[in-house]
Amino acid sequence: MHRRLGSALLAVGLFVGCGGTESESTSESLQRQQAPLTETDVDVAPECQGILTFVNTASFPTLDAYLPSDVVTNLVARRASSPFVSLADVSSVRLVGQARLEQIAAGARSEGFIGPNCVGVMDGLALSTDDSAALVSLVNTISDSELHDVLPDAWNGAANLLNLRPFTSAQAISNVAGIGEVSLRNIRNSATLSRPLEALIAAANAVPQHGAYGASLARHFDWWQVVTSRYYQQGGMECFGLEPSSVPYGATVRPYLADAAEVRAAVEYAVDVANWNNQIPSSVVSAGMANLDARIAGRSFKGCYFSYADDPWSGNSVAIFVDTVNGFSVMTDTYWSE
């Protein structure tokens, strides 16, 4: 009865107008999202690494079979000084854009450098079949509020995705008006970069409630639906970082955002409550928490705290955190019952 994160709190229905109006991209926000790639935010999936091997090692005549000669000349001259380490690196070469990246990928496939587990290149990303499937699944199920948090500077693109889904391929998503390199990268990251954390969350949610206490967690959810739902009895709500139009009725507003330490403390506490008898393998816990740390380090979060009850004999405490830039979100719900 109290695992509401598995039902009402995790519902992924649409909510249009969850705060604010459609915004235009700014050079500052785009520059922030187009920061250099990190080890966890690469633009070439492991299954597609052969694309880089191909462009780094193929002979001039081989490359010339798939690309214009002046492009090949530029690529060969550049790789003579340092090998290419990413698609962004390749596309920094003069005359190399998205169309040339696709031709390079086609050449890599024809020459046997990549196989069927690499879907190909789209919007500056080389996606594996697993990543493509995860991306499609997320776009087909994500809530309106979460999608707009993941794409804060592409509201038209987000609206188009919601109106045109369901999709059957990552390429179809890439082709949607308003979805470009930054947007597809943000969606890919949201769909794939928290897998160890999501495995920990699934394990924690599967542990049976022990006595009067328990906990649930969620990674993908409709935070607006959660904070505006009506419960049998609802306690005080404190929110932070929300636009004035998105602050739920009756909530108090604190003047500062949440940081990584605050998010980690809430998740760690919920995992500890759920894992009351160490039923979750320690490797799952350590991998999940390490993944969480990697996603939240140095980040700032908006969100809310509130309590509610289903009946007079139970109580729940909910914490919601949403990254203010990339939309990464996590929710915890700890509960007790008599």
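Starting from residues that are part of a loop (DSSP other than H, G, I, E, B) and β-branched (Val, Ile, Thr), keep the ones in region 29-67 and report whichever is modelled with the highest pLDDT.
The qualifying residue modelled with the highest pLDDT is 42.
Consider residue 153 against the criteria (1) more than 16 Å from the chain's Cα centre (by Cα); (2) not in a helix (DSSP H, G or I): it satisfies all of them except one. Which criterion is unmet?
Single failed check for residue 153: (1).
Do any residues in region 206-222 that are in contact (Cβ under 8 Å) with a residue 40 or more places away in the chain have Cβ atoms under 8 Å from those of residues that are surrounded by fewer than 14 Cβ atoms within 10 Å (Cβ to Cβ) and not in a loop (DSSP other than H, G, I, E, B), where the two are at least six apart or on different chains, and which pairs are they?
Qualifying pairs under 8 Å: 216/6; 220/141.
For region 193-281, give me every one of the helices (runs of 4 or more DSSP H) that falls completely inside it and has 2 or more residues that are at pLDDT 95 or above and surrounded by 16 or more Cβ atoms within 10 Å (Cβ to Cβ).
195-206, 260-274
Can you tell me which of (1) under 25 Å from residue 46 (Cβ atoms); (2) under 26 Å from the mean Cα position of the chain (by Cα); (3) touching a residue at least 40 places away in the same chain (Cβ under 8 Å) is the one residue 66 doesn't meet?
It fails just one condition, (2).
Give region 307-338 a look and list any residue that's more than 20 Å from residue 272 (Cα to Cα), hydrophobic (A, V, I, L, M, F, W, C) and more than 19 Å from the chain's Cα centre (by Cα), or say none.
309, 313
Starting from residues that are of a type in the set (Asp, Glu) and at pLDDT 95 or above, keep the ones in region 282-338 and report whichever is nearest to residue 191 (Cα to Cα).
Out of the qualifying residues, it is 323.
Just for region 79-109: of the residues that are free of Cβ contacts under 8 Å to residues at least 24 places away in the same chain and assigned to a loop (DSSP other than H, G, I, E, B), which one is surrounded by the fewest Cβ atoms within 10 Å (Cβ to Cβ)?
In this case the residue turns out to be 81.
The values are calculated or read from the model by the stated rules, or taken from the named source; none is laboratory data. Source: prediction; values computed, not measured. Counting neighbours? That spans all protein chains shown, and the Cβs are built from the backbone with ideal geometry, glycine included.
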